[in-house]
Amino acid sequence: MKVVLTGASGLLGPALAASWRSDGHDVVRLVRRAPAAPDEAGWDPAAGTVDLGALRDAQVVVHLAGVGIGDRPWTPAHKRAVMDSRVQGTTTIARAVADAGVPTLLSMAGIGVYGNPGDAVCDEESPVGDSYLAKVVRAWEASTAPAVEAGARVVTMRTALVVSGTGGAFGRLILLFKLGLGGRLGSGRQWWSWVALSDYVRAVRFLADHPDISGPVNISGPEPLTNAEVTAVMGRVLHRPTVLPVPGFALKLPFRDFAEDLLGGQRVVPRRLQEAGFEFADRTFEDALRSELARAHSRVTS
């Protein structure tokens with residue numbers, strides 16, 4: 001199988017590429033700089049251009065690229081960058097999928113689409129929210145329309161916080177906890193949905209291999225926890241104290257509007273994945289954390 005991938009330099013893309021390549025599949029990475037390797041091809045989301053030759057004979061395009069959501073304070077400029085990168089990038093990729101006749105587009109999305117519904121359990125049939133992040137995800141998903149209209153199978157992958165021992169949000173949290181600076185956020189009652197990086201990779205490959213699945217799919221572990229529960233597990237696994245809670249008002253200073261989502265949260269379940277027969281290797285957060293820490297350690301020592 002030939003797979004074309006955007007966002008190949010982040011946390012998720014390299015793991016996906018390595019997994020597919022280990023099974024003998026061909027992976028082409030779309031990059032926004034000048035291509036520098038045989039497996040790279042160019043694209044420019046701002047200009048709306050893609051090297052269509054790279055998509056020739058591809059069975060799947062996986063679109064992951066976008067400006068990091070929690071990487072910096074949510075100033076008006078950063079909010080625009082988050083929205084524009086998703087709408088421009090996804091529209092560009094969806095049009096390229098349509099023009100090249102690629103049969104499947106798997107496009108990144110987020111569980112922030114559900115807003116901040118409190119303790120309500122969210123599956124793919126749940127109503128979407130009205131927070132700024134929910135509006136971003138709604139626009140993000142809507143930008144796949146050119147591919148849908150061309151007859152491609154489109155899956156919008158509503159992805160939870162990815163547990164990894166080496167990067168992403170949890171990579172940064174693990175470092176803080178190891179330094180003894182870990183603690184709950186605000187009240188700690190907000191729900192945190194998560195998925196192990198290894199299960200994320202398996203879920204994306206599952207979606208690529210199941211042509212009967214389309215539309216929104218939650219990629220999230222089956223047992224979401226509150227932030228306080230996540231904090232307790234991390235302290236226990238990492239053998240560190242968790243006595244330094246971060247007050248809600250302190251989050252609002254650097255994160256501004258994004259603090260609403262950090263202090264809100266979503267209690268998400270992967271109904272469609274499980275109904276389709278997908279089985280999680282790490283069903284609990286503690287299993288996921290221990291597994292990903294072990295994988296990170298083995299990479300360092302190998």
Carbon and sulfur atoms: what percent of the 1.4 Å accessible area of region 183-244 do they account for? 56
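When the helices in the chain are scored as -39500 (n - 2.57) per DSSP H run of 4 or longer and the sum is shared across all residues, what 222 nm value do you end up with, to the nearest 500 deg cm²/dmol? Could you put the intermediate results ahead of the total?
On the way: 11 runs with 122 residues, N = 302.
One gets -12500 deg cm²/dmol as the mean residue ellipticity at 222 nm.
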If DNA, RNA and ligands are ignored and the probe is 1.4 Å, what is the ranking of His210, His63 by accessible area, most exposed first? His210, His63
Near Val102, within a Cβ-to-Cβ distance under 12 Å, what is the net charge of the other residues, with Lys and Arg +1 and Asp and Glu -1? +2
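Taking the solvent-accessible surface of protein heavy atoms with a 1.4 Å probe, what is the per residue accessible area of region 6-86 in Å²?
Details: 3870 Å² over 81 residues.
Accessible area per residue: 48 Å².
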Along principal axes, Cα extents of region 174-227, largest first, whole Å: 46, 22, 15
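Consider all pairwise Cα distances in region 75-219 and report the whole-number % of them above 21 Å. Can you show the working numbers first?
Numbers: 5463 of 10440 pairs.
That tail contains 52 percent of the Cα-Cα pairs.
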Are there DSSP H segments in the chain that both extend 20 Å or more along their axis (alpha-carbon positions) and score a mean Kyte-Doolittle hydropathy of at least -1.0? List them, or say none. 76-100, 285-301
Sorted largest first, extent of region 11-102 alpha carbons per principal axis (Å): 43, 28, 22
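Net charge near Val233, counting Lys/Arg +1 and Asp/Glu -1 over other residues with Cβ under 14 Å of its Cβ?
Working: positive: Arg184, Arg236, Arg240, Arg283, Arg290; negative: Glu223, Glu229, Asp282, Glu286, Asp287, Glu292.
Value of the local net charge: -1.
If r is the Cβ-Cβ distance from His25 to Thr301 and R0 is 25 Å, what FRET efficiency results, to the nearest 0.05?
On the way: r = 28 Å, r/R0 = 1.12.
The pair His25/Thr301 has a calculated efficiency of 0.35.
Mind checking region 10-60 for trypsin sites (Lys or Arg not before Pro) that DSSP puts in a loop (not H, G, I, E or B) and that have at most 16 other Cβ atoms within 10 Å? Let's see the in-between values first.
Numbers: sites: Arg21, Arg29, Arg32, Arg33, Arg56; in loops: Arg32, Arg33, Arg56.
Qualifying residues, ordered by number: Arg32, Arg33, Arg56.
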With every protein chain kept in place and a 1.4 Å probe, the residues Thr301, Thr284, Thr6 fall, from largest accessible area down, as Thr301, Thr284, Thr6
With r defined as the distance between the Cβ atoms of Glu40 and Ala81 and R0 fixed at 25 Å, what FRET efficiency is calculated, to the nearest 0.05? 0.55
In nanometres, what is the gap between the two model label sites at Leu176 and Arg56, each 7 Å from Cα along Cα-to-Cβ? 4.9
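Pop the C-beta distance of Ala47 and Asp209 into the FRET formula with R0 = 25 Å and round what comes out to the nearest 0.05.
Working: r = 33 Å, r/R0 = 1.32.
According to the calculation, E is roughly 0.15.
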So, with +1 on the Cβ of K and R and -1 on the Cβ of D and E, and no other charges, what is the size of the charge dipole of the chain about its Cα centre, to the nearest 20 debye? 960
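Antiparallel DSSP bridges in the chain: what percent, to the nearest 5? Don't skip to the answer; put the middle values down first.
Values: 4 of 37 bridges.
Beta bridges within the chain, antiparallel portion: roughly 10 percent.
The values are calculated or read from the model by the stated rules, or taken from the named source; none is laboratory data. Worth saying up front: this structure is predicted, and the values here are computed from it rather than measured. Cβ: placed from backbone, ideal geometry, glycine included. Neighbour counts: every protein chain shown. The protein model used for the area step is the full one, side chains on, heavy atoms only, and it has no ligands, DNA or RNA in it. Shrake-Rupley method; radii C 1.70, N 1.55, O 1.52, S 1.80 Å.
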